[in-house]
Amino acid sequence: MKNMSYTKNKNKFFIFSAICVVLGILCVIIRGVNWDVDFVGGTEMNIRVVTEDKDLAKNVEDIAKEIIGADFSSVTTVSDTTGDSLLIKSNEITSEKREEIFDKIAEKYGEDNVVLLSSNSVSGAISDSLRKSAILAVSIAVVLMLLYIAIRFKPLSAVAAIICLIHDIFFVFIAYSLLQIPVNSNIIAVALTILGYSINATIVIFDRIRENNKVMGASATFEEKTDASIKQTLRRSIFTTVTTLLTIGMVYILGVTSIKNFALPLIVGIFAGLYSSVCLAGNLWVVFDKKLGKK
């Protein structure tokens with residue numbers, strides 16, 4: 001990989017990303033997005049089932065799907081100090097359907113082994129507030145990063161970095177759509193984590209570009225300095241990604257459904273962050289510097 005010129009192949013990287021973005025948009029259009037009640041409002045039922053059934057969540061999900069139909073959202077395992085329970089989420093359903101779900105589960109596992117811990121509705125107003133909070137949190141993070149990079153490096157590098165961050169968040173969103181992972185409040189934590197991880201990897205490369213700009217001076221073009229910087233930091237970028245993925249991978253393998261729904265988009269975002277940092281960020285800076293640097 002070190003023998004390859006990353007800047008000379010920048011058009012290939014740009015085309016590959018463009019194709020992935022188009023396919024991602026088609027995926028969202030065709031498969032849609034599995035919005036959880038956190039974002040659209042609906043009904044939540046928290047049920048505790050005492051059983052040795054290892055496929056409990058899957059079996060309860062089948063029961064809920066059969067009764068609720070298209071309005072069904074998800075079944076996740078929730079852990080607290082008193083034990084594990086199942087959280088059934090759907091669009092707003094009637095009290096009769098809630099009772100039917102509980103009765104079916106009690107019929108399968110025994111009335112003495114099933115307890116309804118809570119059953120409530122999440123209003124659209126609360127969901128709207130959560131959406132606004134999510135957008136605000138990500139927007140503030142992006143703006144602060146933009147200012148930091150513009151001050152530490154150059155405004156053009158900040159624009160390149162922000163485009164890469166948008167690229168990474170978009171790929172995470174595609175993962176939610178493609179895998180039909182419920183989009184709930186976890187997406188805020190996932191987005192902010194990926195933003196922090198990706199910008200850190202990008203800044204390492206930009207910092208090396210700045211150093212090489214001084215060391216190599218006028219003996220090399222900005223494109224050559226950028227290519228050298230990417231190669232010099234490549235090992236660090238790969239090792240950081242691998243060690244991070246080992247941790248997140250174990251969380252995914254050993255975690256319950258709700259943890260897996262958090263870890264999987266995070267894994268996709270980490271891969272996207274590595275790709276954008278190594279293959280896109282520096283190249284975008286080169287393009288912007290060539291087109292707009294003198295202006």
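Throughout, read-outs are computed from the coordinates displayed, never taken from laboratory work. What you are looking at is a predicted structure, and each value in this text was computed from that prediction instead of being measured. We place every Cβ from the backbone using ideal geometry, glycine too, and count neighbours over all the protein chains shown.
So here's what we get for this one:
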item	result
Links that overshoot a 23 Å alpha carbon limit, given the list K108/K260; K10/K290; K54/K97	K108/K260; K54/K97
Likely footprinting exposure, K214, K290, K260, fewest C-beta neighbours within 10 Å first	K214, K290, K260
Point-charge dipole on Cβ atoms (K/R +1, D/E -1) for the range 168-239, about Cα centre, debye to 20	220 debye
Least to most buried among Y148, Y252 (fewest other Cβ within 10 Å first)	Y148, Y252
Within the chain, helix-based [θ] at 222 nm, where runs of 4 or more DSSP H residues each add -39,500 (n - 2.57), nearest 500	-23500 deg cm²/dmol
Within straight-line cross-link reach of K225, aspartates and glutamates at Cα separation under 14 Å, skipping those fewer than 8 residues along the same chain	D207, E211, D289
Estimated FRET transfer efficiency when R0 is 41 angstrom, pair D207-V50 (beta carbons, to 0.05)	0.15
Under-5 Å amide H pairs with L86, H placed in peptide plane, nonlocal only	I47, R48, V49, V78
The range 1-59, dipole about Cα centre (Lys/Arg Cβ +1, Asp/Glu Cβ -1), debye to the nearest 20	760 debye
Average Cα contact separation per residue, the chain, under 8 Å, 6 or more apart, as relative contact order %	25 percent
Using a Förster distance of 22 Å, the FRET efficiency for L245-S5 (Cβ separation, nearest 0.05)	0.25
P(r) histogram, all alpha-carbon pairs of the range 42-122 included - 10 Å bins from 0, percent	19, 60, 21, 0
The range 1-87: Rg to Rh, with Rh as the Kirkwood radius over Cα pairs	1.25
